[in-house]
Every structure is written in C-alpha cells, then in structure tokens.
Amino acid sequence: MEKMKLLQTLTGHMGRVWSASWHPSGTMFASCGEDKTIRVWIKNDEDRWIAQTVLTDGHTRTIRDVAWSCCGHYLASASFDTTVAVWDKKSGEFECNATLEGHDNEVKSVTWSRSGGMLATCSRDKSVWIWEIHSAPDQEDEYECVAVLNGHTQDVKKVCWHPHEDILASASYDNTIRMYRQDTADNEWEMLEPMESHTSTVWSISFDGTGKRLASCSEDKTVKIWQQYGPDNALGIPCPEKGTVWKCVCTLAGFHGRSVYDIDWCKRTGLLATACGDDSVRVFREASDSDPNEPTFELVVKIEAHSQDANKVAWHPVTPGVLLTASDDGEIKIWQYQDEE
C-alpha cells in the first residue's frame with residue numbers, strides 16, 4: 001500500500017502560497033500568499049475542495065500567514081504590509097473587523113491562544129507582540145497590545161502557542177527559540193532562557209499534543225526535538241527557581257537536502273511532517289522502542305510533493321493522516337497518509 005496518496009491539487013493563487021490553516025472543525029481551511037489574497041476552501045457536494053471565498057481587500061502586500069481562532073469564529077492574517085487583519089463571519093460573509101498596527105516591518109506569523117483570549121504576532125522588526133482580545137455583546141471586539149517582547153536579535157519567523165497553557169514559543173533568524181509566559185504575580189510577560197542548538201535560522205516550531213515537547217526546523221537542514229523538564233525531574237536536570245527548562249533531546253540530521261521551512265506535529269497521531277526547500281515533504285514517527293529522554297524518530301515516507309520549495313505542512317485537526325501542503329509553485333495539495341499493513 002502506498003503511504004501517501006494525493007487526494008487533490010488546488011490551484012487559484014497567483015505566485016507563492018506561503019501558508020494555510022485548517023478550521024478547527026476540519027470542514028474548511030484558509031490559504032494565503034504572494035498575491036495578497038486569502039482563499040477560504042470548503043468541500044462541495046462531490047466531496048471536492050473548492051474556493052468558497054476570496055478575500056482581496058485586507059492587505060496591500062504579500063500575506064505571509066493565516067490562523068483560525070480555536071473557537072473557529074475568527075481568521076487572522078499577517079502581512080508584509082506590517083499589519084494583521086482579523087476577519088469575522090458574523091453576517092455570513094467574511095468581514096475585516098480589526099486591523100492591528102504597530103509592527104515596524106513585515107509581520108511573519110500570527111497565532112491564537114488556546115483560551116481564545118490572546119493573539120500573538122511576530123515580525124522582521126525582531127519583536128513578538130501579545131494582544132488581548134476584549135469582547136462585549138453587540139460591540140466590535142477590541143485588541144489591546146499587552147506586551148512587546150524583544151528577546152530576539154533578528155527577524156522573528158514564527159510564533160506558536162502551547163496546546164493547553166498560555167505559554168508562547170517563537171523562532172528566529174538568530175538561530176534560537178524562545179518561550180514566554182505570564183508571571184501570575186504581576187501579569188507581566190517574562191522570557192525564559194533561549195533554546196540554543198540550531199546553527200542557522202529556525203524557520204518553524206510545533207508542539208506535540210501534550211505540550212511537553214516541541215519540534216523545530218531550520219536553515220541548517222535539521223529537525224530538533226525539545227523536551228520540557230520540571231524541578232523534580234528524574235534526570236536531575238537543573239531548573240530555574242520557578243519553572244521548567246527545555247532541552248534538545250534529539251536531532252534529525254541527514255534527511256533533508258536543503259532548508260526545512262515548516263514542521264507540524266499531529267496532535268492525533270504523533271506523526272511529524274516537514275516541508276523542505278528540496279520540494280519534498282517528509283513524515284517521521286517516533287520509534288516504538290524509543291527512550292522518552294533520548295527519543296529516536298524514523299522517516300516513514302518522503303514524497304516529492306511540489307515542483308518548487310514546499311512552504312507549509314498542516315495535519316487535519318479531525319481526520320487522522322490527512323495532510324495539507326503548500327508551495328512556491330502556487331499549488332496546495334491534500335494527501336492521505338496510510339500506515340503500511
């Protein structure tokens with residue numbers, strides 16, 4: 001049985017497709033790209049994905065990232081025009097109900113907290129911003145910037161919220177990953193120690209389903225697995241006075257021929273997918289005899305998914321094994337991963 005079956009190839013974007021995001025229900029997804037548009041895709045009566053809506057009036061430059069809120073009511077888009085737009089489908093049509101301004105340069109990534117009360121953005125201006133959302137009945141939502149975090153020394157490529165807690169991670173051109181959390185005493189956001197192991201730009205990061213592990217991918221052609229250790233860990237790893245520490249416990253090297261641009265850790269199956277500058281998409285799985293503190297991962301499938309750089313991988317949030325990929329070639333592809341039986 002082939003391990004990765006192509007279900008559908010979607011076209012419509014002009015130029016690179018930079019990112020895509022599944023709606024939490026899995027019944028639709030949004031994509032964005034160089035053509036300054038967002039496309040919202042749904043399934044038709046023939047069970048084929050079609051572009052239901054094309055949003056063209058939110059941004060004046062390339063749209064680098066899109067993200068659905070966990071409640072599924074809002075879609076945020078991050079653009080090279082330095083703004084983030086928030087879209088809402090209140091009246092049946094998507095409307096831009098907020099434009100968030102403040103970054104000095106291209107906005108590279110946007111992400112919603114699991115609790116739904118916060119939004120995080122990052123930019124080429126080296127900063128990470130955290131926004132609080134204030135909702136009131138029959139009134140427009142208000143977005144207040146509550147923290148500007150300047151821990152990185154270079155362009156920040158990606159922000160990603162923890163799956164269960166209000167902890168934020170960011171990845172940067174400065175080769176590091178940072179974590180941020182809110183101090184319960186004074187509500188100020190604090191930066192944890194930088195996570196250093198990559199030797200070049202960290203392009204993307206993804207938590208596993210437990211939130212105790214993080215995967216990162218880099219210009220250095222490697223994938224790294226990081227694990228969280230608490231003060232009472234059995235290995236005796238020293239921790240800061242009031243918190244946990246993240247350690248790199250595994251490096252996947254030799255699998256990718258070029259930069260690894262994106263990574264997604266499936267919360268349902270534990271599979272890791274990567275998007276690479278060699279046009280290919282790879283899927284890794286933790287070995288069955290893996291040591292939790294020194295895990296080993298095996299490559300289970302590699303597909304030449306696109307004709308140019310693969311930019312995005314995103315596992316379906318509901319259906320195990322369905323994977324979305326997007327590329328510089330302007331195409332989005334939907335795949336079905338199947339275990340060999």
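The values are calculated or read from the model by the stated rules, or taken from the named source; none is laboratory data. The structure presented is a predicted model; accordingly, all values stated were derived computationally and were not measured. Positions of Cβ are generated from backbone atoms using ideal geometry, with glycine treated the same way; all protein chains shown enter the neighbour counts. Surface areas here come from the heavy atoms of the whole protein model, side chains and all, with no ligands, DNA or RNA. Shrake-Rupley method; radii C 1.70, N 1.55, O 1.52, S 1.80 Å.
The condition of being over 19 Å from ASP264 (Cβ atoms), open to solvent by 40 Å² or more (accessible area, probe 1.4 Å), in a loop (DSSP other than H, G, I, E, B) and modelled with pLDDT of 95 or more holds for only one of GLN139, GLN154, that being GLN154. Contact map, the stretch 146-167: residues that are touching a residue at least 60 places away in the same chain (Cβ under 8 Å) and closer than 12 Å to TRP112 by Cα paired with residues that are open to solvent by less than 20 Å² (accessible area, probe 1.4 Å) and assigned to a strand (DSSP E or B), Cβ distance under 7 Å, separation 6+ or inter-chain. Pairs shown: PRO163/PHE207.
Only one entry of GLU331, GLU298 meets the criterion of being among the acidic types (Asp, Glu), at pLDDT 95 or above and in contact with a Phe, Trp or Tyr (Cβ under 7 Å, 6 or more places away or on another chain), and that entry is GLU298. Evaluation of THR319 against the conditions (1) surrounded by fewer than 19 Cβ atoms within 10 Å (Cβ to Cβ); (2) in contact with a strand residue (DSSP E or B) (Cβ under 7 Å, 6 or more places away or on another chain) shows that the sole unmet condition is (2). Within the stretch 7-43, restricting attention to residues that are in a strand (DSSP E or B) and free of Cβ contacts under 8 Å to residues at least 24 places away in the same chain, the residue that is most open to solvent (accessible area, probe 1.4 Å) is LYS43. Give all pairs with beta carbons closer than 6 Å in which a residue from the stretch 319-341 that is under 16 Å from ASP278 (Cβ atoms) meets a residue that is among the small types (Gly, Ala, Ser) and part of a strand (DSSP E or B); count only pairs at least 6 apart in sequence or on separate chains. Matching pairs, first to second residue: THR325/ALA310; ALA326/ALA20; SER327/ALA310. In the stretch 248-258 there is no residue that is in contact with a strand residue (DSSP E or B) (Cβ under 9 Å, 6 or more places away or on another chain), at pLDDT 95 or above and under 23 Å from SER113 (Cα atoms).
Taking the criterion of being open to solvent by less than 30 Å² (accessible area, probe 1.4 Å), of a type in the set (S, T, N, Q) and in contact with a Phe, Trp or Tyr (Cβ under 8 Å, 6 or more places away or on another chain), the residues of the stretch 207-256 that qualify are SER216, SER218, GLN227. Evaluate the stretch 207-222: report whether one residue or more is part of a strand (DSSP E or B), in contact with a strand residue (DSSP E or B) (Cβ under 7 Å, 6 or more places away or on another chain) and touching a residue at least 60 places away in the same chain (Cβ under 8 Å). The answer is no, given that none of the residues of the stretch 207-222 is part of a strand (DSSP E or B), in contact with a strand residue (DSSP E or B) (Cβ under 7 Å, 6 or more places away or on another chain) and touching a residue at least 60 places away in the same chain (Cβ under 8 Å).
Taking the criterion of being within 27 Å of HIS164 (Cβ to Cβ), open to solvent by 10 Å² or more (accessible area, probe 1.4 Å) and at pLDDT 95 or above, the residues of the stretch 272-289 that qualify are ARG285, GLU286, ALA287.
Residue-by-condition table, conditions (1) part of a strand (DSSP E or B); (2) small (Gly, Ala, Ser):
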{"site": "THR111", "(1), (2)": "yes, no"}
{"site": "SER115", "(1), (2)": "no, yes"}
{"site": "LYS126", "(1), (2)": "no, no"}
{"site": "TRP131", "(1), (2)": "yes, no"}
{"site": "ILE177", "(1), (2)": "yes, no"}
